[in-house]
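What follows is a short report on a single structure.
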Amino acid sequence: MTNSDLPRRTFLLATAFGLAAPGAAFALDASFRRVSDADWKKRLSPAAYRVLRREDTEPPGSSPLNREKRSGTYACAGCDLPLFKSDWKFESGTGWPSFWTVIKGSVGTKTDYKIGVPRTEYHCAQCGGHQGHVFNDGPRPTGLRYCNNGLALKFIPA
């Protein structure tokens, strides 16, 4: 899948989940639409490439970000767009960094059927990099759990 394929494949669940305004998902920056697959492979480690560009999932418990407790911001590892604030992180017991909300306008969603049942997948709104899935089993106040691949994030201390 290329960035140019994302708008055609996007199915917004913004109304159901209140994640973004309709039509806001994958309004990719023009410079990221021009990044070739070969260039992404040069920019990213092989594991980060598989997650961000091929929608892979890292093994649970493998990310050092699971243990990150400092104050700061979590940004997309592909383009540095801020996605989450550290205050929104919580221990979900899943083995992946989890957050109960996202910075408004920073992600777009689509429906993923890879395991046979529909799930809501979310991607960086700037570069289209795959981040993870959002579920309805998170804490208050949203009840959401953004289950993120650590390889798709970069932590920026406050």
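Being within 25 Å of PRO64 (Cβ to Cβ) and assigned to a loop (DSSP other than H, G, I, E, B) is the filter; apply it to region 126-138 and report the residue that is nearest to the chain's Cα centre (by Cα).
Of all residues in region 126-138, those within 25 Å of PRO64 (Cβ to Cβ) come to 126-135, 137-138.
Restricting the remaining residues to those that are assigned to a loop (DSSP other than H, G, I, E, B) gives 126-129, 137-138.
Working: GLN126: 11, CYS127: 11, GLY128: 9, GLY129: 7, ASP137: 17, GLY138: 16 Å.
By that ranking, first place goes to GLY129.
Remark: pairs (first residue in region 139-150, assigned to a loop (DSSP other than H, G, I, E, B); second residue acidic (Asp, Glu) and surrounded by fewer than 23 Cβ atoms within 10 Å (Cβ to Cβ); Cβ separation under 9 Å; 6+ apart in sequence or on different chains) = GLY143/ASP137; LEU144/ASP137; ASN149/ASP56; ASN149/GLU58. Scoring TYR122 on the criteria (1) surrounded by fewer than 21 Cβ atoms within 10 Å (Cβ to Cβ); (2) not in a loop (DSSP other than H, G, I, E, B) leaves a single failure, condition (1). Within region 132-158, being among the hydroxyl-bearing types (Ser, Thr, Tyr) and open to solvent by 10 Å² or more (accessible area, probe 1.4 Å) holds for one residue alone: THR142. Using the structure shown, decide if GLY129 is at pLDDT below 95, of a type outside the set (A, V, I, L, M, F, W, C) and open to solvent by less than 10 Å² (accessible area, probe 1.4 Å). For GLY129, the condition - at pLDDT below 95, of a type outside the set (A, V, I, L, M, F, W, C) and open to solvent by less than 10 Å² (accessible area, probe 1.4 Å) - is not met.
Name the strands (runs of 3 or more DSSP E) wholly within region 1-115 that hold at least 2 residues that are modelled with pLDDT of 95 or more and open to solvent by 20 Å² or more (accessible area, probe 1.4 Å)? Give the steps one after another, and end with the answer.
Details: elements: 72-76, 82-85, 107-112.
Fully inside region 1-115 and qualifying: 82-85.
Taking every residue in region 84-99 that is in contact (Cβ under 8 Å) with a residue 60 or more places away in the chain and pairing it with any residue that is open to solvent by less than 50 Å² (accessible area, probe 1.4 Å) and in a strand (DSSP E or B), at least 6 positions away or on another chain, the pairs with Cβ-Cβ distances below 6 Å are PHE84/TYR74; PHE84/PHE99; SER86/GLY72.
The values are calculated or read from the model by the stated rules, or taken from the named source; none is laboratory data. Just so it is clear, the structure is predicted and the values come from calculations on it, not from any experiment. No Cβ is skipped: glycine too gets one built from the backbone with ideal geometry, and neighbour counts run over all protein chains shown. Just the protein is used for accessible areas: all its heavy atoms, side chains included, with ligands, DNA and RNA removed. Shrake-Rupley method; radii C 1.70, N 1.55, O 1.52, S 1.80 Å.
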